[in-house]
Each structure stands twice: as C-alpha cells, then as structure tokens.
Amino acid sequence: MKLKLLIVLLVPFSAFSQLGEVLNFIQKSEYNKEIAEFQAKKYILKNILQTHDEIVRFEVDALSGAESGQLTTLYYKCSEQNKEGLLLSFFGTYWNDAGVVHTGYGFKNFDKKQALEFLQKIQLAIDNNSKYIKEKSDNNIALHYDDIAIIITSSSQTAYQIRLFWNSFDSSWDAFSFSRSKRRFDFEINKK
C-alpha cells in the first residue's frame, strides 16, 4: 500500500520534469523587469557566455516591460567575448496535458544582427500596413521571424498591439513598450 501511494505521488513530478529546459516555473504571481533581469543573468551565463576559470565581464539591462506583464526585453553585452544581443523574456500561465496550471517564463535570444532584423521587420510591417490596421478593428497582419509568429492589430489604447507566439507562450507587446525597446536597444548598441 505504501509503495502504491509513493508511486502515485512521484509520477506527476517525473512527468513534468522534462519541461524545465524550455519553460521555467516560478511561484510569484507577478513577473516584472527586475525579476526578468535577475533570471536573465543566469540564462546568459549558462547559454550564451563561455566561462571556465577566467572572470568574464558582461552587462544586462532591462529595456522595457510590456503593460501586459507577459514580455520584457533585455539588452546584454560581453565585450570580451564579442557577444551582444536582445533577450525576449516571456511570462505566462500554462496548462499541461494533465490539466495542472503552472506559471512560467522562458528566454528567446537574438544576437545583435538578428535583433536588429527582428525589430526592423516588425517596424516595417507596421509602417507599411498602418492604414490597413487602423481601418477596422478586425484587420490584422501576420508575419514570422525565426520561430516566432507575430500578429499585429489595432488597439483602442494605443496605435497597435503586437502578439508574439513562441513555444507555448502567447504574449502581448503594446506599441509603447515595442517603441521603447527598439529605441533603447538602438541606443545601447550605438554607445561608444
């Protein structure tokens, strides 16, 4: 009887352990720029930088957090290893196949070149389709960059709303946060 109870209690934990690579779980009900920046440092250390016995210097700056709380953009730079880029920090609530609700976060990394292409592609799509987007609230445009699907639509609060779909994340990115992220990223990469 004790063995059956132990198996019943352990099986759900082992079934969810595979999600840790893509999706990280947190207990907080709010995810903000400070938490995103804190977690980003660990991600950068483990996934972007090569560290061994030497000391490696790098910087991380939270550029903007979307009003939705679902997306934070972060700039990183490591001059010693010639690495610089943009991290998208996704946050949201998810249900697994067993119906258990989790709150989690994940990072999508773009090196400097990719980040510039990603932000420019979205800006060009908005600029070239602004009349259509504003015509009716039902009008949307869709595009892809890498493994991110993007929908841009008009919004009553701002000129437009951007939704990013990546892995199991569905995050809203308001016009103000997008513009701020783009402007601050441009400023960071052009600093001397």
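Restricting attention to the stretch 105-131, the residues that are of a type in the set (Ser, Thr, Tyr) and either in contact with a strand residue (DSSP E or B) (Cβ under 7 Å, 6 or more places away or on another chain) or touching a residue at least 60 places away in the same chain (Cβ under 8 Å) (or both) add up to 1. Within the stretch 128-150, restricting attention to residues that are loosely packed, with under 15 Cβ neighbours inside 10 Å and either modelled with pLDDT of 95 or more or touching a Pro at 6+ places or on another chain (Cβ under 9 Å) (or both), the residue that is farthest from GLY85 (Cα to Cα) is ASN128. Taking the numbered list (1) surrounded by fewer than 18 Cβ atoms within 10 Å (Cβ to Cβ); (2) hydroxyl-bearing (Ser, Thr, Tyr); (3) farther than 20 Å from THR72 by Cα in turn, SER154 passes all entries but (1). Each residue in the stretch 40-67 was checked for being in contact (Cβ under 8 Å) with a residue 12 or more places away in the chain, farther than 30 Å from SER155 by Cα and not in a helix (DSSP H, G or I), and 8 of them qualify. Of the numbered criteria (1) open to solvent by 10 Å² or more (accessible area, probe 1.4 Å); (2) at pLDDT 90 or above; (3) under 14 Å from TRP173 (Cβ atoms); (4) not hydroxyl-bearing (Ser, Thr, Tyr), the one LYS113 fails is (3). For the stretch 42-69, a residue qualifies if it is open to solvent by 80 Å² or more (accessible area, probe 1.4 Å) and under 14 Å from the mean Cα position of the chain (by Cα), and exactly one does: GLU67. A residue that is modelled with pLDDT under 90 and either aliphatic (A, V, I, L, M) or at positive phi (or both) can be found somewhere in the stretch 60-71.
Please determine, by comparing only the residues of the stretch 166-183 that are under 17 Å from the mean Cα position of the chain (by Cα) and open to solvent by 60 Å² or more (accessible area, probe 1.4 Å), which one is modelled with the lowest pLDDT. Per the criteria, the residue is SER168. With respect to the conditions (1) aliphatic (A, V, I, L, M); (2) open to solvent by 80 Å² or more (accessible area, probe 1.4 Å); (3) touching a residue at least 40 places away in the same chain (Cβ under 8 Å), ILE162 lacks only one, and its number is (2).
Yes/no per residue for (1) in contact with a helix residue (DSSP H, G or I) (Cβ under 6 Å, 6 or more places away or on another chain); (2) open to solvent by 70 Å² or more (accessible area, probe 1.4 Å); (3) under 22 Å from GLY65 (Cβ atoms); (4) hydroxyl-bearing (Ser, Thr, Tyr):
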| position | (1), (2), (3), (4) |
| --- | --- |
| GLU80 | no, yes, no, no |
| LEU86 | yes, no, yes, no |
| PHE91 | no, no, yes, no |
| ASP97 | no, yes, no, no |
| HIS102 | no, no, yes, no |
| GLY106 | no, no, yes, no |
| PHE118 | no, no, yes, no |
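The values are calculated or read from the model by the stated rules, or taken from the named source; none is laboratory data. As the structure is a prediction and not an experimental result, all values here were calculated from the model. Note that we place each Cβ from the backbone using ideal geometry, even for glycine, and neighbour counts take in every protein chain shown. Side chains are part of the model used for accessible areas, which takes the heavy atoms of the whole protein and leaves out ligands, DNA and RNA. Shrake-Rupley method; radii C 1.70, N 1.55, O 1.52, S 1.80 Å.
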